[in-house]
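A quick write-up on the structure given underneath.
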Amino acid sequence: MKVFKWFDLIVLAVFLAAAVLSICFLIKPVGERVEIYKNGELVKSESLSVDFVYQVDSHVTVTVSNKQAFVSYSDCIGQDCVSAGKICKAGEMITCLPNKVIVKISGKGEVDVVTG
């Protein structure tokens, strides 16, 4: 009595290939720069390898430490931007909607436009 049939092996191979491809697409390259926008305008662009604290205005403070960026202070009600945690991969961003601040990581492998 056979344990596996040919069809079972084909289905298993398809699932394994799908798993490997999904892992490849989920891995993002490490970012190179942090860009901080206020009201849609770029106010600060710096290398992720430089540690600094930038006060966007009296409402939001962005900190870059150990090649990771995060919102260390915000006076907005929801605190979603502070709770977002640290970002370091190309294409990741933190948005503070009440204060109109965006912290974005840019670098190689970042998708500029999606067409469909």
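Computed from the coordinates by the stated procedures, all read-outs in this text should not be read as laboratory data. What you see is a predicted model; the values in this text were computed from it and never measured. Cβ placement follows ideal geometry from the backbone for every residue including glycine, while neighbour counts extend to all protein chains displayed.
Here are a few things to note about the model shown:
- From most to least packed by mean Cβ count within 10 Å, the peptides 55-68, 34-47 give 55-68, 34-47.
- Backbone amide hydrogens, once placed in the peptide plane, bring residue 31 within less than 5 Å of 89, 90, excluding anything fewer than 5 places away on its chain.
- Rounded to the nearest 10 degrees, the inclination of helix 6-26 to the longest alpha-carbon principal axis of the chain is 10 degrees.
- Pairwise Cα separations in the chain fall into 10 Å bins from 0 onward with the following percentages, short to long: 13, 35, 23, 12, 9, 7, 2, 0.
- Estimated from the Cβ-Cβ distance and a Förster radius of 30 angstrom, the FRET efficiency linking residue 89 and residue 8 is about 0.20.
- For peptides 95-105, 7-17, sequence by mean Cβ density within 10 Å, most packed first: 95-105, 7-17
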